[in-house]
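Asker: Mind looking over this structure? Questions follow.
The values are calculated or read from the model by the stated rules, or taken from the named source; none is laboratory data. Please read all numbers here as calculations on a predicted model, not as lab measurements. Don't worry about glycine lacking a Cβ; one is built from the backbone with ideal geometry, like all the others, and counts go over all protein chains shown. The accessibility values were calculated without ligands, DNA or RNA, using every heavy atom of the protein model including side chains. Shrake-Rupley method; radii C 1.70, N 1.55, O 1.52, S 1.80 Å.
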Amino acid sequence: MTLFSELGLADPLLKALEAEGYTTPTPIQEQSIPHLLEGRDMLGLAQTGTGKTASFALPILQRLDQIKQRAMPKSTRVLVLTPTRELAVQVGQSFKTYGCHYRLRHALVFGGVGMVPQIKTMAGGVDILVATPGRLLDLMNQGAIRLDSVEVLVLDEADRMLDMGFILPIRKIVAAMPKSRQTVLFSATMPDSIVGLANSVLHTPVRVEVTPAATTVEKIDQKVMFVDRENKRTLLTEMFACKTVERALIFTRTKHGANRVSELLEKAGIPSDAIHGNKSQGARQKALADFKDGRIRALVATDIAARGIDVDGITHVINFELPNEPESYVHRIGRTARAGASGIAISLCDADEVSYLRDIEKTIRQAVPVDFEHAFHAPHIMSRGAGGKPKPPVRHQRSPQPLDTYPQQARGGKPHGDHAGKPRDAGKPSGRPAGQQTRSGNTGFKGASSSGNRSARG
């Protein structure tokens with residue numbers, strides 16, 4: 001077993017890691033840190049929750065301390081670009097935590113808050129700037145930030161930034177930097193757009209890949225519930241009758257949808273809040289803090305707002321609406337089963353979303369196990385293939401093991417077991433037709449559990 005002390009990290013960093021209880025690096029950290037300490041450009045392919053932030057933050061902190069140089073006014077020595085403000089805050093906190101024994105200046109630049117404090121912070125120059133592309137470009141255009149002395153550039157979750165339409169801002173930002181720099185690009189997926197971006201910004205990079213692109217974390221127990229749209233709301237609220245749903249992150253496709261689901265849960269007596277782009281930064285931070293501290297049991301989010309949500313103990317990710325981009329499914333469910341824990345991902349699929357499910361299954365290269373046992377199971381939806389073509393269902397063999405049950409349904413149904421398939425190797429084809437159920441061996445609503453030595457997260 002490799003230890004952080006074997007990776008060539010300086011004593012101040014090792015002390016900071018020890019204070020956080022981190023002893024062993026994750027695979028992405030173990031493979032990345034030595035290359036980045038050598039100053040190599042790197043293309044990193046890793047899912048969310050695998051410890052990407054520490055893998056680039058630790059070498060950067062060591063480099064800045066070794067090459068002692070004061071940042072120029074309005075400038076930064078290191079720039080980390082992230083798709084959302086939540087992720088920017090998370091990355092900034094990681095630099096602060098790991099660099100607690102160094103005297104380095106950090107700054108955050110993102111939208112949703114006033115520009116004046118950010119302009120004042122940047123006036124004297126900083127060592128590390130974590131920013132979102134839009135606000136950074138705004139401040140560059142105003143002359144408040146210059147990038148001509150950047151030594152290291154990190155593009156974090158680059159695939160999501162491109163999904164959000166940031167390709168042109170990113171190219172403008174990169175064009176303002178020196179060509180002689182170290183560049184690191186991290187992505188969970190590898191579409192052609194990322195290949196093109198990587199080819200244009202990286203110089204003879206080393207490629208580090210800990211899992212095949214667009215696969216799902218092995219410890220996530222996935223399942224899909226086929227349900228008519230009009231029954232989704234009732235099914236969702238009934239899930240929370242199970243005490244094992246301790247902390248759930250719920251996804252919708254739209255901002256208004258997130259608000260409606262949060263209001264639904266509140267009326268059902270389930271403490272919840274919504275987080276999306278229309279919320280102020282203060283409201284988003286409060287909702288996230290309440291979720292972390294356990295004051296609310298459910299957080300409803302859109303894909304954009306969910307980037308950067310790194311909360312311990314998310315037992316369930318629930319797709320109230322399936323994403324129309326299959327790569328987003330990988331990012332969504334990656335919010336659970338983080339840092340060695342296990343988790344459960346449940347998708348509610350109505351008739352209009354079957355094609356989305358089929359695209360997801362093609363992307364992750366496995367069929368998502370079907371839960372037949374909930375009270376609103378809709379076999380007429382399950383029987384559809386991609387494009388609405390009929391596809392006969394394949395019934396599963398039910399587990400003889402005792403299972404937890406849903407509460408008695410108001411519509412007169414009997415209690416139903418919380419079935420789900422066993423976690424599989426997400427990188428291997430399942431060999432089952434889409435929609436086929438695996439044998440059930442555990443309940444669908446088990447809480448996450450931690451395991452093994454702690455590794456640096458974030």
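Asker: Out of Lys223, Lys232, report the one residue that is within 25 Å of Thr336 (Cβ to Cβ) and in contact with a Gly (Cβ under 7 Å, 6 or more places away or on another chain).
Answerer: Lys223
Asker: Restricting to the stretch 249-263, name every residue that is in a helix (DSSP H, G or I), within 23 Å of Tyr329 (Cβ to Cβ) and open to solvent by 30 Å² or more (accessible area, probe 1.4 Å).
Answerer: Lys255, His256, Asn259, Arg260
Asker: Do you know which residues across the stretch 17-43 are more than 24 Å from Cys100 (Cβ to Cβ), part of a helix (DSSP H, G or I) and open to solvent by 60 Å² or more (accessible area, probe 1.4 Å)?
Answerer: Pro27, Gln31
Asker: Just one of the numbered conditions (1) without any contact (Cβ under 8 Å) to a residue 60 or more places away in the chain; (2) more than 21 Å from the chain's Cα centre (by Cα); (3) open to solvent by less than 20 Å² (accessible area, probe 1.4 Å) is not true of Gly196; which one?
Answerer: Of the numbered conditions (1) without any contact (Cβ under 8 Å) to a residue 60 or more places away in the chain; (2) more than 21 Å from the chain's Cα centre (by Cα); (3) open to solvent by less than 20 Å² (accessible area, probe 1.4 Å), the odd one out for Gly196 is (3).
Asker: If a residue has to be modelled with pLDDT under 90, under 13 Å from His331 (Cα atoms) and open to solvent by less than 40 Å² (accessible area, probe 1.4 Å) to count, how many in the stretch 277-320 make the cut?
Answerer: Number of matching residues: 7.
Asker: For the stretch 340-386, how many residues meet the condition of being surrounded by fewer than 24 Cβ atoms within 10 Å (Cβ to Cβ) and part of a strand (DSSP E or B)?
Answerer: Result for the stretch 340-386: 1.
Asker: Hey, among the residues in the stretch 116-131 that are β-branched (Val, Ile, Thr) and open to solvent by less than 10 Å² (accessible area, probe 1.4 Å), which one's farthest from Leu155 (Cα to Cα)?
Answerer: Here the residue is Val126.
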